[in-house]
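Student: First the structure, then my questions, so here it is.
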Amino acid sequence: MVVDSGTTLGPGQPASVTLSIIGTVLHASFAIPCGADGLQGLQGIPGSPGQPFSNVIIDGVNTLNSGEPASVWISFDGVNVHLVFNIPRGPQGEQGIQGPPGEVTNAAMTSAISSALTDTARNPIGIAPFTGTFSDPVTPAEMQSFAAYVESFRAALVR
């Protein structure tokens, strides 16, 4: 026997079954009424509090093609809520009007680069580290030696 369908009828309607034979197989379709609504049950005991989530984590934001529906995938791993946003891009805008030509000519650019290079500090890599020492208290000769080192460093940076 094969059950082809089952249909729920309203309360109080009579149940029925339709039988047919196809080849050598018996086929049945049932129509069964539902019962009347029962009385309100008693209040249940309170459940234990659920675990609060601690974080909302954005796992991804994907760009969809224009016209596709936006969606958000949500999952919960027991501690964190995870979100993945799928957002469609807007439609292609219209072509804008042609802007005015730029104000920088090749000659002006060459002049600006040359001027910038002229005013650029030299590389102080050739200046060795300060190797002098200081006594306690510092002597004027030690201070003059250090001042000379600082001046050589400053001169290397200035063009």
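The values are calculated or read from the model by the stated rules, or taken from the named source; none is laboratory data. Predicted model, so just to flag it, every value in this text is computed and none were measured. Backbone-built Cβ (ideal geometry, glycine too); neighbour counts: all protein chains shown.
Student: At pLDDT 90 or above, of a type in the set (A, V, I, L, M), exposed (fewer than 10 other Cβ atoms within 10 Å of the Cβ) and not assigned by TED's automatic domain parsing to the domain that holds Asn80, is that true of Leu9?
Tutor: So Leu9 does not fit the description; no.
Student: Restrict the check to the stretch 54-69 and report whether at least one residue is under 42 Å from the mean Cα position of the chain (by Cα) and without any contact (Cβ under 8 Å) to a residue 12 or more places away in the chain.
Tutor: no
Student: Residues being assigned to a strand (DSSP E or B) and within 30 Å of Ile74 (Cβ to Cβ): count how many of those fall in the stretch 1-55. Walk me through how you get there before you give the answer.
Tutor: Filtering the stretch 1-55 down to residues assigned to a strand (DSSP E or B) leaves 2-9, 16-22, 25-33, 55.
Narrowing the set further to residues that are within 30 Å of Ile74 (Cβ to Cβ) leaves 55.
Counting residues in the stretch 1-55 that are assigned to a strand (DSSP E or B) and within 30 Å of Ile74 (Cβ to Cβ) gives 1.
Student: Which ones in the stretch 106-159 are in a loop (DSSP other than H, G, I, E, B) and modelled with pLDDT of 85 or more?
Tutor: Here is the first cut: in the stretch 106-159, the residues in a loop (DSSP other than H, G, I, E, B) are 119-123, 127-139, 158-159.
Matches in the stretch 106-159: Thr131, Gly132, Thr133, Phe134, Ser135, Asp136, Pro137, Val138, Thr139.
Student: Scan the stretch 40-57 and tell me whether some residue there is within 30 Å of Pro14 (Cα to Cα) and out of contact with any His (no Cβ under 8 Å at 6 or more places or on another chain).
Tutor: Yes, that holds for at least one residue.
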